[in-house]
Each structure stands twice: as structure tokens, then as C-alpha cells.
Amino acid sequence: MKIKSALKMLVITGIISGCLCGRPPQRAVAAPVGKTHTADMGWWKKDRFGMFIHWGLYAVPAGVWHGKHAPESGEWIMNNAHIPRKQYAQLAKRFDPTEFDAARWVQIAKAAGMKYIVITTMHHDGFCMFKTNATHYNVVDDTPWHKDPVAALDKACQQQGIKFCTYYSVENWHSKYQLPHSWNHGHPIYFPTRFAVGGAKPYLKYMTRQLGELIRQYHPALMWFDNSVITPWTTPSGQHVAGWTETDARTIWDYVRKIDPTVIINNRLDAWSKFKGLGDYSTPEEKIPPRGLPGPWETCMTINNTWGYVSWDHDWKSSTMLIHHLIHCASGGGNFLLNVGPTAKGVIPKPEVDRLLAMGKWLQINGEAIYGSHRTPFAKALTFGYATQKPGKLFLEVTKWPKNRTLVVPMRNVITKAYLLADHLKLQTATGLGGQLVYLPAAAPDPVASVVVVDIAGKVKPY
Ligand code: FHN
């Protein structure tokens, strides 16, 4: 077997062995992705902080199937509880989110200091949360609710000045053109799916039709593709069926570009970043690359352990931890896409709202250090916290207030001015061993993270 195909089989085997009943292993961190379209990513790099929304039929079972907790993330229940397609599709008849309020969701995002929203228009379960003519299996035609939440959210985002973006899964566990990978005592295991014999072409046709609808109906500023893990296989009669290929990914890429050359596209049209450069930015998940990544990148993360709502997952990250994650992303030059999983009634869980409001409060005072900032100039981690910068200014996000009340900034530049961002209290400075010294008050203005602003002449010259 040629090296390349052996490698490919290794990758596929790795995928399969690593996660038959769970989500795929942590995504390999993508190679640097260059700008691949005419549009400017300026708004996206400036905005830094977005809301991810995982909402679909999976909110109905909410992590419980036949009275048992289904393993892993809520939106994977169809796979992890091995639910046959027809049985899962019946959930649509129970989807009636009478408390859904798009304007309220956008207000919460804004109050959190989030500048863009990415909503799941179709997750791996194949159910479409938008009005589509490509299939009846959608929220308007197939539920008692008969409303289009994607349209409502798009409208609310336009009205409230937040960028509207869409998530779309390449993998589709409902489509007749994609088959379950294997079976467990007669019950399907969908992930990773595989194309039916001759299924690739009609599936690409279905997909391009829906992407055309999404762009023309809702004009997303960004398209967040996910998990194109459709694996090759050989039929019992020995016929080889290719999986998702680079050509497939480029076909979709070119199609979207043709309709809208300005829309930003992430790097997940290609499942494992094998197709170098196919993507405007990298998408590490649930983890923050310690020193950031070359090129544009965005960490997406859950507030508990699940993307789609799970009634029994109360393992919430603290607002302190989430604020530190946001700062860490910004100091690495990256964005932070933080997820909420609304209930089947259309309500964002209170623990998530509480944390988002705490983040918004911090950003109201310290947002200047995050929005429009650039990555830290320091190659090594700082002992006291993080740094971000703008021309002529260094923002030091102090998460560990020094007991000796002295910050040592490891750079040669002389400080022309130093102050606390919270109240503009002027701080004394000096040049000392190991860099520039900033003398601090006894108590930090904010125990979570306080920002010290340092004005300097020219570019930072780290020690
Ligand atoms: O399998 C999905 C998962 O359900 C979720 O949507 C995350 C969000 O980034 N993406 C895939 C796992 O990498």
C-alpha cells in the first residue's frame, strides 16, 4: 500500500478507533491558513469574541434516551444512543420551542460583549433548523412550531448590530447518500459516515443547494463548516467508495466563493486539516494553544461539557476561568467562540447566561485590551498573566497580583506612562533588573483580572 494511502488509512483508523461512540478526537491543530479570499477579515479579528449556539432536535432528549444518560455531548445522542433514523426523526414532532426569543438571545450575546453569533443550521443529525426546499426534514415543515429560528436570529442580529454566522455539518446522519459506519447489535453507529455507492455526487448537489439557500436567504458573514469525516470503504463485492476528498472540499469552497466572495470560511471543510490552506482560519476546540497559532485562529469551547443541551450536565466552568480563557485567546492573537446550548423550549440555560453576563461586565471595563488588540509581543509566558497590544500601547492583563506590588515587564522600552485601565490611576515606573518596573497599589481593582496599560514609544523590544 502506497505511503500516502497507508497514512490516510492510519488517520482514518485513528479516527475510527478513537471515537466510535463519541465525538472525534481533539482536532489536529491546523497548519497556518492564509487569507484565501478578497474579503477583509478585519471585523472578525477586531471582534475577538463570539457566541456559538448548538440548537436542534437533540435538545428534546437532552442527553437522556430510554431513561438512561447517553454518553458524551448532547448533539451526538443519535449516534451515541445508536438511534435508528426513523425513530430519531420522530423528535421533530415534539419540537415546539414556545419560549424561543431571538431578540433575547442576541441581547444576551451583546450583554456578554460578544460581537458575532454562529448558529447550527444543520448538525450531524441532518435536521435543518432553517427553511429549505432541499428536504422536508426541517424546522418549518416538519415540526408543530413551523417557524424559522435562523431567519429570526439573522433579523435580530441585523437589528442589534451583531454579525450573523452559520454552522453547517458536512457529515449527515440522516441522508440516504451517507451510510452508518457500522452497527451495534442491529443499532446504527453513524460516525464516521461513509458515502453510499454513487452517493458522493448527489450529496454534493444537495449540499450546494442548501448552502446556496443559506447564503441567499440569510447572508451570513461567516460559514462555520464542521466534521467532514466521511470515510472511504470497500463494499462486500470489492467496490472501492471514496470518502470526502480534497476535490469535494474545493468544490464546496469554490461554490460558496462564487456566490459570496466576502464570506469568511473556517478550515473544517477538510476534516483533519489535510488539505493545507483550505480555510481562512484555524479552529482548535476546547483547548487554547498555549502561545497561539500562526495566522488567524479561533478556539471554540463549551461552558460545561456539551455543545447541545444536556439536562444533567451541571459541570459549569467559572466565569473567572472563562474570562481568563478569553484573555488567553486574545493574547495569542486568536478569537474565542463560546457555546450555549438552548433547551427544547428555546431558553438559554441560566448558568450559561450568568457566566456570559459576568464576562460582559468585565469587558465593559477592560474591553479596550481585547477588542482590536494584537497578540502578545513576548515569546515566553508572563509570570503575572497575559499581554495584548495596540500601536504604542501594551495591555498587561494581571491575573496574579504580585505580593511585592511590582510588575516586571521583560522589555527594553522605557515606559512613558502607566495606569490602571479600570480607573486610570497613574502608576509609577522605573527601569530595573529584568526589564521595566511598574509599581502597583496594594489591592487589584478586579480579583479576576486587572489591566495595567503601559504607553511606550515604538515597537516592544522584549528582553
Ligand atoms: O462533532 C462536532 C461537535 O458536535 C461540535 O459541533 C463541535 C463544535 O466545534 N464540532 C465537532 C467536534 O469537533
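For the range 304-323, the set of residues classified as surrounded by fewer than 16 Cβ atoms within 10 Å (Cβ to Cβ) and aromatic (Phe, Trp, Tyr) consists of Trp312 only.
Looking only at the range 206-236, how many residues end up being assigned to a helix (DSSP H, G or I) and either under 28 Å from Phe336 (Cα atoms) or not basic (Lys, Arg) (or both)?
As a first pass, look at the range 206-236 and keep what is assigned to a helix (DSSP H, G or I): 206-218.
Adding the requirement that they be either under 28 Å from Phe336 (Cα atoms) or not basic (Lys, Arg) (or both) leaves 206-208, 210-218.
Residues that pass the stated criteria total 12.
For the range 218-237, give me each residue that is among the polar types (S, T, N, Q) and in contact with a helix residue (DSSP H, G or I) (Cβ under 6 Å, 6 or more places away or on another chain). First the steps, then the outcome.
Going residue by residue through the range 218-237, those that are among the polar types (S, T, N, Q) are 227-228, 231, 234-235, 237.
Answer for the range 218-237, where residues must be among the polar types (S, T, N, Q) and in contact with a helix residue (DSSP H, G or I) (Cβ under 6 Å, 6 or more places away or on another chain): just Thr231.
Within the range 349-361, not a single residue is over 30 Å from Pro97 (Cα atoms) and in contact with a Gly (Cβ under 8 Å, 6 or more places away or on another chain). Exactly one residue out of Gly126, Gly212 is within 14 Å of the ligand (Cβ to nearest atom), modelled with pLDDT of 95 or more, more than 17 Å from Val241 (Cβ to Cβ) and out of contact with any strand residue (DSSP E or B) (no Cβ under 7 Å at 6 or more places or on another chain): that is Gly126. Counting the residues of the range 336-361 that are in contact with a helix residue (DSSP H, G or I) (Cβ under 6 Å, 6 or more places away or on another chain) and within 16 Å of the ligand (Cβ to nearest atom) gives 2. In the set Gly295, Gly243, Gly279, only one residue is of a type in the set (Gly, Ala, Ser), touching a strand residue (DSSP E or B) at 6+ places or on another chain (Cβ under 8 Å) and within 16 Å of the ligand (Cβ to nearest atom); that residue is Gly279. Only one entry in His82, His54 is within 16 Å of the ligand (Cβ to nearest atom) and touching a strand residue (DSSP E or B) at 6+ places or on another chain (Cβ under 8 Å), namely His54.
Are any of the residues in the range 68-75 more than 14 Å from the ligand (Cβ to nearest atom) and not in a helix (DSSP H, G or I)? Reasoning before the result, please.
Within the range 68-75, the subset more than 14 Å from the ligand (Cβ to nearest atom) is 68-69.
Then keep just the ones that are not in a helix (DSSP H, G or I); that gives 68-69.
Yes: one or more hits.
Does Asp96 qualify as being surrounded by fewer than 20 Cβ atoms within 10 Å (Cβ to Cβ) and assigned to a loop (DSSP other than H, G, I, E, B)? Spelling it out, Asp96 is indeed surrounded by fewer than 20 Cβ atoms within 10 Å (Cβ to Cβ) and assigned to a loop (DSSP other than H, G, I, E, B).
The values are calculated or read from the model by the stated rules, or taken from the named source; none is laboratory data. Because the structure is predicted, anything quoted here is derived from the model rather than measured. Positions of Cβ are backbone-derived with ideal geometry, glycine not excepted, and every protein chain shown enters the neighbour counts.
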